[in-house]
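Reviewing the structure listed below.
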Amino acid sequence: LTTPVKDGASFVGFFLNLVHLLILTSKELRNNVVFIIMIGICICDLLVSSCNIIHRTYEKIDSSTCGTNGNWWFVFIELIALAVQKFGRLNSAILALTMAGIRAVTVMFPMNKVSDNLMKPSYGLRISIIESIVCVISYILSYSRYIIHKGTGFREGREFVFEDSCYFAKDMGEGLNDYIEGVFVFILTAVYLIITATLLITLKLAQKSRKNLKRDKGNSTSLLVTIMAVSFLISEIIYSFVFVVGSTDMKRWTLVIDQLAIVFTDISKTILTFNSVFHCLLSFFLSSQYRGVVKKMLRMDKPQKEFVGPASSSTGSHTIKTSHGSSH
């Protein structure tokens, strides 16, 4: 059930994120560190969506092509698509965590010099590039342990029996890559819990303080960051559960637990896929700055007419002036 839904979400998410990326790279949003980091998340979402489409196209092996160069390239493309999807999902989760951490610090210490530095767009750009490079290197090292050869092998934790002449990709690290990734995601989930809880508490205290001082409402961008952090947290918790179950000996004793691990893995991936679809919509409904850019692109920001009092001319007529400065 999740596969057709996830495939459909990948197509929708790809085109929505193309529009999302166009909006995020506008001049008005590039001066906000949150939207700078969201550009990195959007690029990761585009990679995941496009590679999921490629993966679904090449994952079914036609027995008539077994042992041919075409079969080898199909397996190679599928392997690269899987690697890029894993990179995109993990990197977007790390960037979302960074975004939540920055927002938590700036809300707790609004007048601090560190907060001022964190809010600079250049910082968001640097941290996004550094995190992405580290993540890319780690996955290159992980997938360099794979080899493509003929025979019977394992893929994505499930056994697929191919004809002896078919090519397949085999992990020569004997599951070490998945274990390291699982440990990292488990630690990431714990950090997510701390950061998200801290962000929620600080925003609640800040809201209470504004209410006591009768100030205006806080920045809606904080709500956007919070919702994104919570959605990523849910997905990481599910993935961590899969890792814990898969790392125990019980997995070898019962098929039920094995099937549960597969189901929850699919659920986790589906949630992340829907996250990528809804990022654009969440940004539009929760950020007035984002909406302003969209309206400007759609030419919906009509200039408001304002009256500039009676003119001091002998006829006593008055002038109507638009917000663009033109007079009539």
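Please indicate, with yes or no, whether at least one residue in the range 26-33 is in a helix (DSSP H, G or I) and either at pLDDT 90 or above or within 26 Å of S222 (Cα to Cα) (or both).
The answer is yes, given that some residue of the range 26-33 is in a helix (DSSP H, G or I) and either at pLDDT 90 or above or within 26 Å of S222 (Cα to Cα) (or both).
Consider S240 against the criteria (1) modelled with pLDDT of 70 or more; (2) over 25 Å from Y139 (Cβ atoms): it satisfies all of them except one. Which criterion is unmet?
(2)
Got at least one residue in the range 62-73 being of a type outside the set (F, W, Y) and within 29 Å of I271 (Cβ to Cβ)?
No - not one qualifying residue is present in the range 62-73.
Going by the conditions given, is T265 under 23 Å from the mean Cα position of the chain (by Cα) and either surrounded by 15 or more Cβ atoms within 10 Å (Cβ to Cβ) or at pLDDT below 60 (or both)?
Yes, satisfied.
From the list N71, N91, N31, N52, pick out the single residue that is touching a residue at least 12 places away in the same chain (Cβ under 8 Å), over 26 Å from L282 (Cβ atoms) and in contact with a helix residue (DSSP H, G or I) (Cβ under 6 Å, 6 or more places away or on another chain).
The match here is N71.
So, in the range 167-216, of the ones that are at pLDDT below 80, hydroxyl-bearing (S, T, Y) and in a helix (DSSP H, G or I), which residue ends up farthest from the chain's Cα centre (by Cα)?
Checking each candidate, the answer is S209.
Rundown of residues vs (1) crowded, with 24+ Cβ neighbours inside 10 Å; (2) of a type outside the set (A, V, I, L, M), yes/no style:
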residue	(1), (2)
G8	no, yes
N17	yes, yes
I23	no, no
S26	no, yes
I43	no, no
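If you check every pair at least six apart or on different chains, which have Cβ atoms under 7 Å apart with a residue in the range 114-130 that is in contact (Cβ under 8 Å) with a residue 40 or more places away in the chain first and a residue that is of a type in the set (S, T, Y) and buried (at least 16 other Cβ atoms within 10 Å of the Cβ) second?
Partner pairs satisfying both residue conditions: L118/T106; M119/T106; I127/T98.
When you look at S247, is it modelled with pLDDT under 70 and among the polar types (S, T, N, Q), yes or no?
Spelling it out, S247 is indeed modelled with pLDDT under 70 and among the polar types (S, T, N, Q).
Rundown of residues vs (1) of a type in the set (S, T, Y); (2) part of a helix (DSSP H, G or I); (3) at pLDDT below 85, yes/no style:
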residue	(1), (2), (3)
K6	no, yes, yes
D45	no, yes, no
T57	yes, yes, yes
V84	no, yes, no
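The values are calculated or read from the model by the stated rules, or taken from the named source; none is laboratory data. Treat the numbers as computed from the prediction; the structure is a model and nothing was measured. So basically every Cβ, Gly included, is an ideal-geometry build from the backbone, and we count neighbours across all protein chains shown.
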